[in-house]
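Each remark here refers to the structure printed beneath this line.
Read-outs: derived from the displayed coordinates by stated rules, not from any lab. Owing to the predicted nature of the structure, the values given are computational and were not obtained by experimental measurement. Heads up, the Cβs are rebuilt from the backbone with ideal geometry, glycines too, and the neighbour counts pull from every protein chain shown.
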């Protein structure tokens, strides 16, 4: 059984890593790239949710959170390996896995607010339990340290109380709907 889980886990990682789009930045507009990336993120989240749902229940019927954390830690995707997953519990908003914020793992995310005052982990949980989908929120880009819109796609991992998500940071100047949004004078996270 354990050997089968390891093989399935390896195949799932291979599938996720092969889902990234080859994007020619010289011939495609930034908006087109964002749309392609949006679709890629949705597809890899769906594949990861389905795959994890089939292998994370142990013999005692409990969710193997160590396996989820191992998967998330090793499942970077996109050509430049900047894509990553996060997993949270939708019943209590606990952060189960997040390779970019390891100190947050195991903590309650219920009261975490984005730069606009939205309880974004609560909003993600609600989005997941109502069928999954996209959600925008305003956070610090882990690569640049600047406030940006993060658009994430979330979906429930079958047979669990968890949802998995991944997203892309969208600069305020490149996202027309938010171009004229007021900027915070004193950002908080």
### Query
Hey, with R₀ at 25 Å, roughly what FRET efficiency would residue 122 and residue 59 work out to, going by the Cβ-Cβ distance, to 0.05?
0.15
### Query
With labels modelled as points extended 7 Å from the Cα through the Cβ direction, what inter-label distance (nm, one decimal) is found for residue 141 paired with residue 79?
1.8 nm
### Message
Starting from the 7 Å offset along Cα-to-Cβ, what nm value, one decimal, do you get for the label separation of residue 70 and residue 134?
### Response
3.5 nm
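If each residue of separation counts as 0.36 nm, what is the full-extension length gain between residue 35 and residue 107 once their alpha-carbon separation is subtracted?
Details: separation 72, 0.36 × 72 = 25.92 nm, distance 3.26 nm.
That works out to 22.7 nm of additional length.
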